[in-house]
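First comes the structure, then the notes that go with it.
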Amino acid sequence: MEIKHGKGRNARLWLEDKGLVARTPALRSSDFESILSCPFQYYLSRRLGIVSALRWSAALSRGSWFHRRLELFQKTKAEAFEQMLRWLAESQEKLEVLLNNRGVKASTKANIFDREEKDMLMALSWFEAMQQFQVPGKGSVIDYLHKPWFRVIGSEIVGEYNHPEYGRMLAQFDVLLYHKKQNALYIVDAKTCTGSTIQRLSTCPIEFQTQHYIHILNFLVKSGEVSKQYDLPEDVRVGGMIHIAVQKPSIEFGMNDRDFELVNHELKRGPRKGQIEQRRIYSGEPRWENYRDRCKRWFLAEGEYEDKKPERVSDPPVNFSHTFASSTLDREGTCEYHSRLQWVHSFATREGTPGSFPMSANHLRNFGRLSPFAPFYLTRVEDWPSIITSEGFQQEDRDDVEAHISA
């Protein structure tokens, strides 16, 4: 006799018996947009902790490597490169275990390792090339972070606050700065984007991440933990958030990154017949140093990218904006934040039955392809354990992190 558990309490109990227990996750900034996009995906990823072990996208992978390089902004280029290589080796070791467990053949493994290395080196090239761009009125990103009135508290700082009503809340700050003249703390948050940096920065003031980070830091400051841990004045306050948007170069590493020499070429026909122009004669294999230099010309609109100069002036590929704490922590800002927080909390704490989390069909269709999570939407819960095994999913507690500041 076939047993159907449906999507209610029986389904929850059956899943728990199979080790798929709906936990109450910490409240993170990404949860708000995740629930807006699809509550059922939030249930799978955050409540059950199901993740695709071999999930990959160029945008996410390269963006992640860019942030890791930002973490090392106080290091020399040589020191940062050595650390990036160590992180790459660690990443590939983890991939090796996953791929071996799935019985992936050697040639496919090699391609995946090469892809990971390429993502790291492309992000590294973007970061080093980006440093050459001077943002009007602010200078380069690295120069700005090293302004004399800033003291760098640290990079990738995890803040944890246990709210009396909403429970555990987490925020991970890219960089935390202390403004000595203002006696104020600023969160630096970097964002890589494919399009306009002006457009990307325009939405920062209303994003849940901005509200969440500023409020968590404010809770931690008021607790006294921040001043005690980092030897800051007791009356230190939260200044706000500095958003840095970096447009990702629209150029890939490839054959244009081989060594070349310029040779004169006489035009043989057309209206410019008889004129001399310079052409590139390429040789050898592509080199990462050449790609980095090409990215620099892309950011600065030089050489073959000179036609982008007007665009670089009207919409810089590297840009800054600020969200000041005063507008986020005032009565109106606090009311909006708590309204959103309460909504996220309701999904984090409701009974962990599949039917309690509505599905979005549109969420499953991205760029003409179905999401890897589609089988969970389209099958019965009885099939989920076999899907996890056969499709390369695993359970992961994303909140299993050690906080640097907690209260």
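The values are calculated or read from the model by the stated rules, or taken from the named source; none is laboratory data. It should be emphasised that the depicted structure is a prediction, and the values quoted were computed from it without experimental measurement. No Cβ is skipped: glycine too gets one built from the backbone with ideal geometry, and neighbour counts run over all protein chains shown.
What's the number of the condition Leu300 fails, among (1) surrounded by fewer than 20 Cβ atoms within 10 Å (Cβ to Cβ); (2) in contact with a helix residue (DSSP H, G or I) (Cβ under 7 Å, 6 or more places away or on another chain); (3) in contact (Cβ under 8 Å) with a residue 40 or more places away in the chain?
The failed condition is (2).
Inside the stretch 136-238, counting only strands (runs of 3 or more DSSP E) that do not spill past its ends, which hold 3 or more residues that are small (Gly, Ala, Ser)?
On the way: elements: 150-163, 167-179, 184-193.
Where strands (runs of 3 or more DSSP E) fall fully within the stretch 136-238 and carry at least 3 residues being small (Gly, Ala, Ser), they are 150-163.
Can you go through Ile206, Ile153 and tell me which one is under 30 Å from Asp119 (Cα atoms) and either at pLDDT 95 or above or crowded, with 17+ Cβ neighbours inside 10 Å (or both)? Quick ask: steps written out before the conclusion?
On the way: Ile206 fails: under 30 Å from Asp119 (Cα atoms).
Exactly one of Ile206, Ile153 is under 30 Å from Asp119 (Cα atoms) and either at pLDDT 95 or above or crowded, with 17+ Cβ neighbours inside 10 Å (or both), namely Ile153.
Quick one: which of Gln83, Gln92 is in a helix (DSSP H, G or I), modelled with pLDDT of 95 or more and in contact with a helix residue (DSSP H, G or I) (Cβ under 9 Å, 6 or more places away or on another chain)? Don't jump to the end; show me each part of the working.
Working: Gln92 fails: modelled with pLDDT of 95 or more.
Within the list Gln83, Gln92, the selection yields Gln83.
Could you figure out which of (1) touching a residue at least 24 places away in the same chain (Cβ under 8 Å); (2) touching a strand residue (DSSP E or B) at 6+ places or on another chain (Cβ under 7 Å) isn't true of Leu267?
With respect to (1) touching a residue at least 24 places away in the same chain (Cβ under 8 Å); (2) touching a strand residue (DSSP E or B) at 6+ places or on another chain (Cβ under 7 Å), Leu267 is out only on (1).
Testing His363 on (1) surrounded by fewer than 19 Cβ atoms within 10 Å (Cβ to Cβ); (2) within 25 Å of the chain's Cα centre (by Cα); (3) in a helix (DSSP H, G or I); (4) not assigned by TED's automatic domain parsing to the domain that holds Leu44, one condition comes back false. Which one is that?
All conditions pass for His363, except number (4).
If a residue has to be under 21 Å from Pro317 (Cβ atoms) and among the small types (Gly, Ala, Ser) to count, how many in the stretch 105-131 make the cut?
Final tally of qualifying residues: 3.
Quick one: in the stretch 22-54, which of the residues that are out of contact with any Gly (no Cβ under 9 Å at 6 or more places or on another chain) and among the charged types (D, E, K, R) is farthest from Gln131 (Cα to Cα)? Spell out how you get there, then give the answer.
First pass over the stretch 22-54, keeping only residues out of contact with any Gly (no Cβ under 9 Å at 6 or more places or on another chain): 28-42, 44-46, 49-51.
Applying the additional criterion that residues be among the charged types (D, E, K, R) yields 28, 31, 33, 46.
Working: Arg28: 30, Asp31: 32, Glu33: 31, Arg46: 36 Å.
Across the stretch 22-54, the extreme among qualifying residues is Arg46.
Identify, from the list Asp315, Asp330, the residue that is under 27 Å from Thr197 (Cβ atoms), surrounded by fewer than 17 Cβ atoms within 10 Å (Cβ to Cβ) and charged (D, E, K, R).
Working: Asp330 fails: under 27 Å from Thr197 (Cβ atoms).
Of Asp315, Asp330, the one residue that is under 27 Å from Thr197 (Cβ atoms), surrounded by fewer than 17 Cβ atoms within 10 Å (Cβ to Cβ) and charged (D, E, K, R) is Asp315.
Of all residues in the stretch 366-407, how many are free of Cβ contacts under 8 Å to residues at least 40 places away in the same chain and in a helix (DSSP H, G or I)?
8
Do we find a residue being exposed (fewer than 14 other Cβ atoms within 10 Å of the Cβ) and over 30 Å from Glu225 (Cβ atoms) anywhere in the stretch 178-197?
Yes: the stretch 178-197 contains one or more residues that are exposed (fewer than 14 other Cβ atoms within 10 Å of the Cβ) and over 30 Å from Glu225 (Cβ atoms).
Select from the stretch 154-172 the residues that are closer than 20 Å to Gln342 by Cα and either touching a Cys at 6+ places or on another chain (Cβ under 9 Å) or of a type in the set (A, V, I, L, M) (or both) and list them in ascending order. Step through it out loud before you land on a result.
We begin by selecting, within the stretch 154-172, every residue closer than 20 Å to Gln342 by Cα; these are 159-171.
Correct list: Met169, Leu170, Ala171.
Sort out for me the helices (runs of 4 or more DSSP H) sitting completely within the stretch 1-66 that have 3 or more residues that are at pLDDT 95 or above and among the basic types (Lys, Arg).
Values: elements: 9-17, 29-37, 39-42.
Where helices (runs of 4 or more DSSP H) fall fully within the stretch 1-66, none carries at least 3 residues being at pLDDT 95 or above and among the basic types (Lys, Arg).
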